[in-house]
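Visitor: Quick one: structure below, then a few questions.
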């Protein structure tokens with residue numbers, strides 16, 4: 001009988017698997033890096049969205065501003081850019097930024113729908129054409145629910 005109990009305990013212990021996946025949604029986002037890792041992530045109403053493939057991202061510098069984004073989030077910021085300075089999402093003008101979100105064809109949130117938020121550039125490399133930073137914003141329109149984008153981070157190469 002003791003052998004049977006020992007075998008059952010051993011079987012139960014052998015079948016247990018440790019779950020190493022992060023439970024905190026922020027821990028499921030790509031890390032904040034500064035070397036052009038081609039990552040883009042954020043929490044969409046608390047749910048993690050992570051992009052680690054440059055084919056799913058856009059980053060273009062033209063006409064005195066940079067446009068970048070992925071997975072429905074698109075941000076535009078105009079020169080001058082300074083690291084570690086939060087750029088509030090306001091009416092667009094020199095040294096400002098704007099954000100928009102597209103959930104699906106029925107729910108499009110224009111930059112005018114954004115009522116709070118900012119983007120902060122943590123690293124700008126104009127030689128290797130990389131940018132990194134953090135962002136967050138909230139947006140709402142009459143047809144759709146309020147969307148809260150939090151803990152956003154990006155580290156991507158841009159096209160000059």
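Visitor: What is the Cα coordinate range of the stretch 43-157 on the first, second and third principal axes, sorted by size from largest, in whole angstrom?
Guide: The principal-axis extents, from largest down, are 43, 31, 22 Å.
Visitor: For the stretch 34-70 and the stretch 129-155, what is the centre-to-centre distance using only Cα atoms, to the nearest Å?
Guide: Cα centroid to Cα centroid, the span is 10 Å.
Visitor: Is the stretch 91-160 best put as rounded, prolate or oblate by its Cα gyration tensor, with a ≥ b ≥ c the root eigenvalues, rounded for a/c under 1.5, and otherwise prolate when a/b is larger than b/c, oblate when not? Kindly include the intermediate steps, with their values, before the conclusion.
Guide: Numbers: a/c = 2.23, a/b = 2.06, b/c = 1.09.
The shape class here is prolate.
Visitor: While we're here: Would you mind computing Rg(Cα) / (2.2 N^0.38 Å) for the stretch 28-95, counting N as its residues?
Guide: 1.19
Only the coordinates and a few stated rules stand behind these numbers; no lab work does. Computed from a predicted structure; not experimentally measured.
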